[in-house]
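This report refers to the structure that appears directly beneath it.
The values are calculated or read from the model by the stated rules, or taken from the named source; none is laboratory data. As the structure is a computational prediction, the values presented were derived from the model and not from experiment. Note that each Cβ is placed from the backbone with ideal geometry, even for glycine, and that neighbours are counted across all protein chains shown.
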Amino acid sequence: MARSSGEISGELFQRYRGNPLLSPERWPYAANAVMNAGAAEVDGSTVLLCRVEDRRGISHLTVARSRNGVSNWVVDDVPLLAPDPDLPHESWGLEDPRITWVEDLESWVIAFTSFGPGGPGLSLATTQDFRSVQRLGMVRAPEDKNGGLLSRQIRGEYVLLHRPVTALTHRADVWLSRSKDLHSWAPPEPVLAARPGGWWDSARIGIGPPPIETPEGWLLIYHGVRQTAAGALYRAGLALLDLEEPTKVRRRCAEWILGPREDYELMGDVPGVVFPCGMIHRPESDELRLYYGAADSCVALATASLSEVLGFVVEHGEEDSTGLQA
């Protein structure tokens, strides 16, 4: 059967043979699951800020470091961010961090889900060294999650991609909000919608790592969910946002680029999950390193060439027409 023009021939991302990189068995203290890690390169080392679920079911965020980004991980003995007992909106845990270096702040900005009785909301914190943090507080009230900041301002404003869910529509799509100071945020604007019908990303979507700026646009890897008879199935896809108006989706690929296939992705607390939160580009080798949670139980790695990924999106992606404006 002939392949469609937008179909992926082989896999753009190749799994690291040593997967999974991090799991509860390798943790320095008791944990039920390790997953969904934000990623950064700091002082010549790779830093993964991992979501760690304890044996109560409550999550916190702990740093793991590696000189080469793939092995010999050194994990901190205590969390970098743990639920603050004085903050009710954090009382049920901190989840799914995304990390962005913001040059004009000379800081890393961490966007994470803070979960409490009101539901999941989106909070921010800053750090220079991943040894101490400054909380900026909750910036998007429940229900909202899957947040990541762009690496530079656009027309004098910071831009935050996130996923609000309204009581009126119950939709779970990607929106963005703008702020001049990271504290006061304008109302959300629509970006990318879950596709209707039987698509792999038809139930809900959310961003993966914060997008990478390229000459062609902001390269976005996002997760998409499809409801099946066996439960939710999480995969990852590609889109390209306009550099100066990121509400405009220049290209969106039809097929997923990474989906659950290996045992560590198919067996765990939530089987059938590939959930990327961290990505590092190494310009000297053109390599993209995509760090993802697998089956809500461990952290894994897949790699690709940025030029190949970008070329694929430009050539095979289509203008988006999912109708999120409605």
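General observations
- Residues being under 21 Å from the mean Cα position of the chain (by Cα), of a type in the set (Gly, Ala, Ser) and either over 25 Å from ASP104 (Cα atoms) or not in a strand (DSSP E or B) (or both) - total across region 152-192: 1
- Matching entry among PRO83, PRO88, PRO79 (being modelled with pLDDT of 95 or more, touching a strand residue (DSSP E or B) at 6+ places or on another chain (Cβ under 9 Å) and surrounded by fewer than 17 Cβ atoms within 10 Å (Cβ to Cβ)): PRO88
- Whichever residue in region 5-33 is basic (Lys, Arg) and surrounded by 11 or more Cβ atoms within 10 Å (Cβ to Cβ) and, among such residues, is modelled with the lowest pLDDT: ARG26
- The listed residues are ALA37, ALA31, and the only one of them that is in contact with a helix residue (DSSP H, G or I) (Cβ under 6 Å, 6 or more places away or on another chain), hydrophobic (A, V, I, L, M, F, W, C) and not in a helix (DSSP H, G or I) turns out to be ALA31.
- All told, ALA141 falls short of being small (Gly, Ala, Ser) and touching a residue at least 24 places away in the same chain (Cβ under 8 Å).
- Top-ranked residue in region 198-216 [being farther than 18 Å from HIS162 by Cα and in contact with a Lys or Arg (Cβ under 8 Å, 6 or more places away or on another chain); ranked as surrounded by the fewest Cβ atoms within 10 Å (Cβ to Cβ)]: GLY198
- Filter pass, ARG195 being assigned to a strand (DSSP E or B) and touching a residue at least 12 places away in the same chain (Cβ under 8 Å): no
- Scanning region 52-65 for residues that are polar (S, T, N, Q) and more than 20 Å from the chain's Cα centre (by Cα) turns up nothing.
- Strands (runs of 3 or more DSSP E) within region 201-298 that include 3 or more residues touching a residue at least 60 places away in the same chain (Cβ under 8 Å) and in contact with a strand residue (DSSP E or B) (Cβ under 9 Å, 6 or more places away or on another chain): 212-214, 217-228, 231-241, 249-252, 274-282, 287-294
- Of all residues in region 85-109, those that are at positive phi have Cβ atoms under 6 Å from Cβ atoms of residues that are among the aliphatic types (A, V, I, L, M) and surrounded by fewer than 23 Cβ atoms within 10 Å (Cβ to Cβ), 6 or more apart or on another chain, in GLY93/ILE58.
- Applying the condition of being under 17 Å from the mean Cα position of the chain (by Cα) and among the polar types (S, T, N, Q) to region 131-151 and asking which residue is surrounded by the fewest Cβ atoms within 10 Å (Cβ to Cβ) yields SER151.
- Verdict on ALA2 being modelled with pLDDT of 95 or more and either assigned to a loop (DSSP other than H, G, I, E, B) or under 21 Å from TYR264 (Cβ atoms) (or both): no
- Residue match in region 313-322 (condition: modelled with pLDDT under 95 and of a type in the set (Gly, Ala, Ser)): yes
- Check on PRO164, surrounded by 18 or more Cβ atoms within 10 Å (Cβ to Cβ) and within 19 Å of GLU95 (Cα to Cα): yes
- Filter result for PRO188 (touching a residue at least 24 places away in the same chain (Cβ under 8 Å) and either farther than 30 Å from ALA31 by Cα or aromatic (Phe, Trp, Tyr) (or both)): yes
- Selection status of THR303, of a type in the set (Val, Ile, Thr), under 20 Å from the mean Cα position of the chain (by Cα) and within 20 Å of LEU161 (Cβ to Cβ): no
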